[in-house]
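The values are calculated or read from the model by the stated rules, or taken from the named source; none is laboratory data. Being a predicted model, the structure only gives us computed values, none of them experimental. A quick note on method: Cβ atoms are made from the backbone with ideal geometry, for glycine too, and the neighbour counts reach across all protein chains shown. Remember, those area values only see protein heavy atoms, side chains included, never the ligands or the DNA or RNA. Shrake-Rupley method; radii C 1.70, N 1.55, O 1.52, S 1.80 Å.
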Amino acid sequence: MSSSDTLRIPAFVGGIPTKADFAPSILFCVLYGLLIIPILYRFFNQKSRVYLFLLFGTIPFAIERIVVYGIRASQSHTPTSANWLDQGGSRGKLVYQQISFSLGFFGFATDAVPMLRCLLVNTTLEDEERGSTDKPRPRFWYRRFAEVFGLVYLAASIPGIIAGGRYSKAIRDQSAADRAFQLR
């Protein structure tokens with residue numbers, strides 16, 4: 001492909017970082033950094049550790065977002081043009097950002113499903129203080145709903161993983177870019 005040809009690269013989310021992305025990237029780094037504080041509080045507080053296992057996807061998600069927005073902030077000062085990669089843009093960092101932005105929420109979502117399950121199942125348990133009776137049938141269906149919901153998240157991640165694997169080729173090859181666009 002000659003340097004005068006234009007390559008249409010599918011951007012899963014965000015696209016190539018520009019100078020306008022610097023301030024929002026720093027802001028999101030700070031906000032995700034602040035999210036770590038309540039997570040650490042839950043970890044060290046004896047009374048709140050019971051539900052910490054529900055945050056195993058959220059903790060790496062928050063840390064990884066700090067990293068990815070830091071990379072985006074550093075790359076936001078790279079000149080933007082059709083030849084972005086030739087002017088110092090990193091292909092690996094761009095691919096990492098795009099895959100992270102498109103698939104990063106699956107770790108968070110896998111934490112949300114067990115939390116939703118706990119919330120729904122607890123409404124079916126007998127509790128004399130609340131005056132509620134035991135409801136085994138709805139509890140059964142709430143658990144099945146949560147299991148199916150978890151599998152739906154897993155199934156939804158498969159096309160994203162395939163598209164992410166093809167994304168590095170999409171930066172230089174238009175037919176690969178078109179296939180990655182179809183998968184996203």
Six or more apart or on different chains, Cβ under 9 Å: which pairs go from a residue in segment 59-72 that's touching a residue at least 12 places away in the same chain (Cβ under 8 Å) to one that's open to solvent by 50 Å² or more (accessible area, probe 1.4 Å) and not in a helix (DSSP H, G or I)? Could you list them?
Arg72/Gly14
Taking the residues in segment 26-54 that are surrounded by 12 or more Cβ atoms within 10 Å (Cβ to Cβ) and either among the polar types (S, T, N, Q) or at pLDDT below 70 (or both) as candidates, determine which candidate is farthest from Ala73 (Cα to Cα).
Ser48
From Leu151, Leu183, Leu120, grab the single residue that is exposed (fewer than 14 other Cβ atoms within 10 Å of the Cβ) and either over 21 Å from Asp21 (Cβ atoms) or modelled with pLDDT of 75 or more (or both).
Leu151
Any residue in segment 90-115 that is without any contact (Cβ under 8 Å) to a residue 60 or more places away in the chain and open to solvent by less than 20 Å² (accessible area, probe 1.4 Å) sitting within a Cβ distance under 8 Å of a residue that is outside any helix (DSSP H, G or I) and not charged (D, E, K, R)? List the pairs, counting only those 6 or more apart or interchain.
Ala109/Gly57; Asp111/Phe56; Asp111/Gly57
